[in-house]
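Report on the following structure.
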Amino acid sequence: TLLFTIDTHNMNKPNRYFFIGQDHRRTIHLRCYGLDNVDSTQPIIIYEHGGEETSYKSGRWLEELYLLGHVERICMYDRVGYGLSDSVSTPWSLKDSSEALRYALVEDMKLNGPFLVIGYDYGGLVARTFVGDNRELCSGLMLIESWHEELLKKNYLSRLFPGDGRDDDDGNDK
């Protein structure tokens with residue numbers, strides 16, 4: 001435990017806030033480690049947390065991999081409306097989350113990638129959107145117990161489990 005405390009203390013202030021748009025009104029909270037590493041061929045692992053969690057809670061395993069020397073460069077962040085990031089009063093889409101992350105990483109932090117994006121749970125949807133929109137910056141995508149976009153479609157569960165009494169024979173709601 002003491003070694004972990006010393007290692008954590010000597011890190012270069014990993015918690016920072018970065019703007020997510022040109023208007024510089026909102027920020028997201030990022031924790032990054034190893035970005036000063038001179039080997040820029042190693043991808044920067046971007047961790048996209050689950051739906052009801054923050055990067056602090058669900059990203060501990062990745063932070064431990066960094067402390068053990070198994071990964072070299074990582075960033076974990078809280079999406080808008082989660083953890084220490086700013087909240088919004090308007091609806092926020094997957095595309096909005098993807099664009100906010102790109103602005104923070106590329107425009108504000110001045111990172112060029114390559115990014116290896118890991119999406120967990122709901123974060124898998126955001127990760128897929130980010131990688132799809134930024135293929136030139138990304139070297140890979142890893143999904144862990146990720147949601148699929150089919151879950152967002154209307155009547156998805158009634159199509160999986162027909163005959164629950166709430167739909168007709170064609171799968172339409174009554």
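The values are calculated or read from the model by the stated rules, or taken from the named source; none is laboratory data. Since we're looking at a predicted model, the values are computed, not measured. Heads up, the Cβs are rebuilt from the backbone with ideal geometry, glycines too, and the neighbour counts pull from every protein chain shown. Side chains are part of the model used for accessible areas, which takes the heavy atoms of the whole protein and leaves out ligands, DNA and RNA. Shrake-Rupley method; radii C 1.70, N 1.55, O 1.52, S 1.80 Å.
Listed values, structure above:
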quantity: Accessible area per residue in Å² at 1.4 Å probe, computed on the stretch 62-117; calculated: 48
quantity: The stretch 8-137, accessible surface, carbon-and-sulfur percent (1.4 angstrom probe); calculated: 48
quantity: Calculated from backbone phi, Karplus (6.51, -1.76, 1.60) coupling profile of the stretch 80-96 in Hz, x at Gly/Pro; calculated: 3, x, 10, x, 8, 6, 5, 9, 10, 9, 10, x, 10, 9, 4, 4, 4
quantity: Trypsin sites (Lys or Arg not before Pro) restricted to the stretch 96-148 and DSSP loop, no more than 13 other C-beta within 10 Å; calculated: Lys110, Arg135
